[in-house]
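One structure below.
The values are calculated or read from the model by the stated rules, or taken from the named source; none is laboratory data. Computed from a prediction, not measured in an experiment: that's the story for all the values here. Here the Cβ is made from the backbone with ideal geometry for all residues, glycine too, and neighbour counts use every protein chain on show.
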Amino acid sequence: MASSSSTSSTVVGTAIPAPRIIDRLPPIGTLGPLVALAVACAFFASQTSRFLAGQNFSLILQQVMVVGVVAIGQTLVILTAGIDLSCGMLMALGSIVMTKFATDLGLDPYLAIGCGLLSSTAFGYLNGALITFVKLPPFIVTLGTLNIAFAVTQIYSQSQTVSDLPDPLLFFGRTFRVGETEVTYGTVLMLALYAVGWFVLRETAVGRHVYALGNNAEATRLMGIPTQRMLRGIYTVAGLLYGIAGLLIVARTGVGDPQAGQTDNLDSITAVVLGGTSLFGGRGAILGTLVGALIVGVFRNGLTLMGVASVYQILITGILVILAVATDQLSRRRG
Amino acid sequence: MTTTAAARATSLATSASPIPVLEARGLVKRYGHVTALDGADFLLLPGEILAVIGDNGAGKSTLIKALSGAVIPDAGEILLDGKLVHFQSPLDARRQGIETVYQDLAVAPAMNIAENLFLGRELRRAGPLGSVLGMLDKRRMLSEATSHMQSLKIGIRSMKQAVETLSGGQRQGVAVARSAAFARHVVIMDEPTAALGVKEGNMVLELIRRVRDRGLPVILVSHNMPHVFEVADRIHIARLGKRSCVVNPKGISMSETVAVMTGARRPEDLPPEALA
């Protein structure tokens, strides 16, 4: 004790032991989802020979691409300690606006796509504005806009599916060949968006501010970062991403479907949580969300190939979510 | 060594042209019919630790808020390096070189030390990678964080450690280091030891001295009299929305200081060596 007080005059703070190898490894939060995905793939590969084929992986990516893009926006929102329940409805609204504008109004298809993206983006901004200007909790705001966007979509489309779409709206459903495998342009777009999201969050100051905001909003504000403007920006960008997801679902199904997107809010939150991002904000990674979405996709695909009924797929997804959060919490408590 | 700072402060105060780093004259702030500041004066000299003490409701925290830009006074003037300033926000004050360390450990827990040190002032890479893509220069931030923490002798090995893995004192160390790194004129510390244990509190006091010894004047707001007497060069006593007096901790006892603070003793009755 006496010796420690003499050292404290030269060095402030007790020295911390040099990092052990175990500390250098990424925490379970980042590595866990990847391990789970690998285990799931290994399991299904051992169960059915059709699983381990390039064409099947391409199919999984196609099945994942819509919720995958929605989940990028959801990740951004959750990193700020928020939540977005309206995402699926903003996606449906965007897809109805772009398909109706291109067919009924006879607008130039590209302009129609722009209008669709704009409508989702505007609703995203509305979310952010209500949260920052009126100071309402994100849960309530997005629950409200979920219903509003749903109703607007139904009224405008008269609950009718929009078909006979011009080519540009279907582009992202088209495929190109990589060797034997057919890959859709939509999956390429999804992966590109993840790459952009990863870059912004990891390599730029804005990305760091998103994490800081989710960690300690007041400290972030005191450091001179315009947190309220950032929040509006994040909900707006999330809205744009839901619009892009709307374009993808149109391309994938070939129609504008006003009933689309009804489970995408919970599905995207599932992907985010499975990917190791904390619902309390400030912790997590965007690529984890991609892995999370793929885990759900792989389970659905693998179980279907094994002939398991779809109700059981939902059952297993539910168990996975609880397992993922439980492991995460336990690893934090241990650390 | 102990006399230098106090002697310098005294000589500066008595010499003909001392330019105070931060000065306030006749600050008034009213909240409805409550007068928080009633013509308060304030003077901070170069290279000193000035403690600000006062009973609850003495106007101490409103004074500090006015100096750090968090409150805009109704009347009076604030001078920074002899020039009149009007802070509109804490950010405004920060831009002009006044950094504030808040008592509630204003750090982002899940982020690492280097990220916290540079929060809001991130360094970008040179060339188009930085200017066009906005890429961060993580390596430079890490090495600058390391050398800065070493120069303040804060014993933390890795700047990549998450702040939440540090002790309370070390976290406060990060907050103080951040302010010291970016302050050009003044560091204001609002109850920096209030949330800490004895050992950790001493650690932070040591750190405050180091910041002062590097030439940055420090305003220390504290309720902790032993801490105040341990590090302060001069003590500003706030009372009834005004500056009651400024005392010299070498010439007055703790109990007499408290007596002045509470109004039990008038500053006029103090012996001359007690005043600074």
Which one is nearest to the other protein chains (Cβ to nearest Cβ), of the residues in segment B:221-237 that are farther than 15 Å from B:N248 by Cα and surrounded by fewer than 21 Cβ atoms within 10 Å (Cβ to Cβ)? B:N224
Taking segment B:122-132 only, how many residues are assigned to a loop (DSSP other than H, G, I, E, B) and surrounded by 15 or more Cβ atoms within 10 Å (Cβ to Cβ)? 3
Verdict on B:S179 being surrounded by 22 or more Cβ atoms within 10 Å (Cβ to Cβ) and among the hydroxyl-bearing types (S, T, Y): yes
Find the residue count for segment B:103-121, including only residues that are more than 8 Å from chain A (Cβ to nearest Cβ), part of a loop (DSSP other than H, G, I, E, B) and touching a strand residue (DSSP E or B) at 6+ places or on another chain (Cβ under 8 Å). 1
Could you check, for segment A:185-199, whether at least one of its residues is within 11 Å of chain B (Cβ to nearest Cβ), at positive phi, free of Cβ contacts under 8 Å to residues at least 12 places away in the same chain and touching a helix residue (DSSP H, G or I) at 6+ places or on another chain (Cβ under 9 Å)? no
Considering only segment B:68-111, how many residues are at pLDDT 90 or above and either within 30 Å of A:T277 (Cβ to Cβ) or basic (K, R) (or both)? 5
Considering only segment A:207-228, state which residues are surrounded by fewer than 21 Cβ atoms within 10 Å (Cβ to Cβ) and touching a residue at least 24 places away in the same chain (Cβ under 8 Å). A:A217, A:Q228
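Condition test on A:R221, is it of a type in the set (K, R), within 14 Å of chain B (Cβ to nearest Cβ) and within 20 Å of the chain's Cα centre (by Cα)?
So A:R221 fails the test.
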Considering only residues that are touching a Pro at 6+ places or on another chain (Cβ under 7 Å) and in a loop (DSSP other than H, G, I, E, B), which ones fall in segment B:20-50? B:V21, B:L45, B:P46, B:G47, B:E48
Identify the single condition in (1) surrounded by 19 or more Cβ atoms within 10 Å (Cβ to Cβ); (2) touching a residue at least 40 places away in the same chain (Cβ under 8 Å); (3) farther than 30 Å from B:V21 by Cα; (4) not acidic (D, E) that B:L136 does not satisfy, given that it satisfies every other one. (2)
Subset of segment B:247-266 (residues that are closer than 18 Å to B:G59 by Cα and either surrounded by 21 or more Cβ atoms within 10 Å (Cβ to Cβ) or of a type in the set (S, T, Y) (or both)): B:V247, B:T257, B:V260, B:M261, B:T262
For segment A:204-312, list the helices (runs of 4 or more DSSP H) that sit wholly inside it and hold at least 2 residues that are at pLDDT below 95 and within 30 Å of B:P90 (Cβ to Cβ); which are they? A:217-222
What single numbered condition from (1) over 15 Å from the mean Cα position of the chain (by Cα); (2) within 13 Å of another protein chain (Cβ to nearest Cβ) fails to hold for B:T100? (1)
Residue pairs meeting the criteria (Cβ under 7 Å; at least 6 apart or on separate chains; first surrounded by fewer than 21 Cβ atoms within 10 Å (Cβ to Cβ), in segment B:192-220; second at pLDDT below 90 and of a type in the set (K, R)): B:R210/B:K153
Could you tell me which residue of segment B:51-80 is nearest to B:R234 (Cα to Cα), considering only residues that are among the hydrophobic types (A, V, I, L, M, F, W, C) and assigned to a loop (DSSP other than H, G, I, E, B)? B:A58
Looking at segment B:1-59, which of its residues are crowded, with 21+ Cβ neighbours inside 10 Å, at pLDDT 85 or above and within 16 Å of B:D213 (Cβ to Cβ)? B:V21, B:L45, B:E48, B:I49, B:L50
Single match in B:R139, B:R94, B:R157 (criterion: at the interface with another protein chain (Cβ under 7 Å from one of its Cβ atoms) and either assigned to a helix (DSSP H, G or I) or on the phi > 0 side of the Ramachandran plot (or both)): B:R94
Restricting to segment A:256-290, and then to whatever is surrounded by fewer than 23 Cβ atoms within 10 Å (Cβ to Cβ) and hydrophobic (A, V, I, L, M, F, W, C), can you tell me which residue is farthest from the chain's Cα centre (by Cα)? A:F280
For segment A:149-179, which residues satisfy the criterion of being free of Cβ contacts under 8 Å to residues at least 24 places away in the same chain and closer than 13 Å to A:S86 by Cβ? A:A151
Pick from segment B:68-91 the residues that are of a type in the set (A, V, I, L, M, F, W, C) and surrounded by 15 or more Cβ atoms within 10 Å (Cβ to Cβ): which of them is nearest to the other protein chains (Cβ to nearest Cβ)? B:L91
